[in-house]
Amino acid sequence: MDSSIDEAVTPDATDAAGTGTGPAAGGGPERAAGERGALAPVSLSPSRAGDFMQCPLLYRFRVIDRLPEKPSEAATRGTLVHAVLERLFDAPAGERTAPRAKALIPGQWDRLRESRPELTELFADDPEGERLAGWLAEAERLVERWFTLEDPTRLEPAERELFVETELDSGLRLRGIIDRVDVAPTGEVRIVDYKTGKAPRPEYAEGALFQMKFYALVVWRLKGVVPRRLQLVYLGSGDVLTYDPVPADLERVERRLHALWEAIRQATESGDWRPRPTKLCGWCDHRAHCPEFGGTPPPYPLPVRAPGSRAG
Ligand code: SF4
């Protein structure tokens, strides 16, 4: 769900496992404690890379300040649909049918609310349950559409919701969660990501593939194998976007990530996080803190290096 500035940062909602549009989860490995107990970023995920490319100040709000964000219906539905598609593979191949998948929705929704009680506020103003019913019906439609795009009775994923992390030679740590990894009998690897939004227009396809190339780079560095195929499955529009990467593609992504990380490092040290307003600001939870909208960011919680001084 990253995109070149892509749909990782749009209201697509496929942040199934905390790799997407929300703040870094849990105070965990995306940051490290610094002086005064403040937290500086220590690793990069596709979503956070997308945040920085969209708007450096948004990155700061999410990763360093960790400002809370309201759960959104679209993002939560994405999480729910991802959980259903993942759990369906627990069933024997012949039983992975659309009715069975749809039947998983209520139980997965219960589990989601138990693990994230704040989600109950999504429908707190819906006493009759009408909006909730419509929301669940849309989740059903998305799940059903998947069966027109892939046939799970013929798939045996090697991995589902796979957490991956690697450290590049430069010391930059990359991490993320891959929705599905398929491995052919010949050993060829396919990385699959589900999107509950719509496929981007062709001119934005490269952006949509950024996240996939990020994952391919991590897999390449971890296993020494360049994935044969990257596959984005758009449940919102019923499209499948594929790309067969070559090492040069992934080397380009690696260089781009190093440049991005250097920019993040400099902003972290200087405290200079520029807002970059775009039409995506309409989806930003932090307008009240954003100077572009008359707001003031909270005091910067990290030590600031004076201009011109160099790291020791
Ligand atoms: S409102 Fe726009 S410019 Fe401001 S922080 Fe959010 S994304 Fe950046």
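The values are calculated or read from the model by the stated rules, or taken from the named source; none is laboratory data. From a predicted model like this one, the values you see are computed outputs, not experimental measurements. Methodologically, a virtual Cβ is constructed for each residue, glycine included, from the backbone with ideal geometry; neighbour enumeration extends over all protein chains shown.
Tabulated values for the structure
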quantity	calculated
Residue match in the range 266-283 (condition: touching a strand residue (DSSP E or B) at 6+ places or on another chain (Cβ under 7 Å), surrounded by 14 or more Cβ atoms within 10 Å (Cβ to Cβ) and modelled with pLDDT of 95 or more)	yes
Options LYS213, LYS223: the member that is over 22 Å from ALA75 (Cα atoms) and at pLDDT below 95	LYS223
Unique match (being away from the ligand (no atom under 16 Å from the Cβ), modelled with pLDDT under 95 and assigned to a loop (DSSP other than H, G, I, E, B)) among GLY18, GLY22	GLY18
Given (1) surrounded by fewer than 24 Cβ atoms within 10 Å (Cβ to Cβ); (2) at pLDDT 95 or above; (3) touching a strand residue (DSSP E or B) at 6+ places or on another chain (Cβ under 9 Å), number of the condition ALA40 does not satisfy	(2)
Residues of the range 261-295 that turn out to be within 12 Å of the ligand (Cβ to nearest atom), part of a loop (DSSP other than H, G, I, E, B) and of a type outside the set (Lys, Arg), as a count	10
Selection status of HIS258, within 16 Å of the ligand (Cβ to nearest atom), modelled with pLDDT of 95 or more, surrounded by fewer than 20 Cβ atoms within 10 Å (Cβ to Cβ) and of a type outside the set (Ser, Thr, Tyr)	no
Candidate set: the range 166-205, residues that are over 16 Å from the mean Cα position of the chain (by Cα) and among the charged types (D, E, K, R); chosen: the one nearest to ALA83 (Cα to Cα)	ASP182
Residues located in the range 40-79, provided they are more than 26 Å from VAL218 (Cβ to Cβ), more than 14 Å from the ligand (Cβ to nearest atom) and hydrophobic (A, V, I, L, M, F, W, C)	ALA74
Residues (under 15 Å from GLU188 (Cα atoms) and part of a helix (DSSP H, G or I)) located in the range 223-258	LYS223, PRO247
Where a residue in the range 278-295 is closer than 12 Å to CYS55 by Cβ and among the aromatic types (Phe, Trp, Tyr) and its partner, wherever it lies, is more than 6 Å from the ligand (Cβ to nearest atom) and not in a helix (DSSP H, G or I), with Cβ under 6 Å and at least six apart	TRP283/PRO11
Single residue of the range 299-309 satisfying the filter (closer than 26 Å to ARG173 by Cβ and surrounded by fewer than 16 Cβ atoms within 10 Å (Cβ to Cβ)) that is farthest from the ligand (Cβ to nearest atom)	SER309
Answer from ALA93, ALA133 - the residue that is more than 23 Å from LEU232 (Cβ to Cβ), touching a residue at least 12 places away in the same chain (Cβ under 8 Å) and more than 24 Å from the chain's Cα centre (by Cα)	ALA93
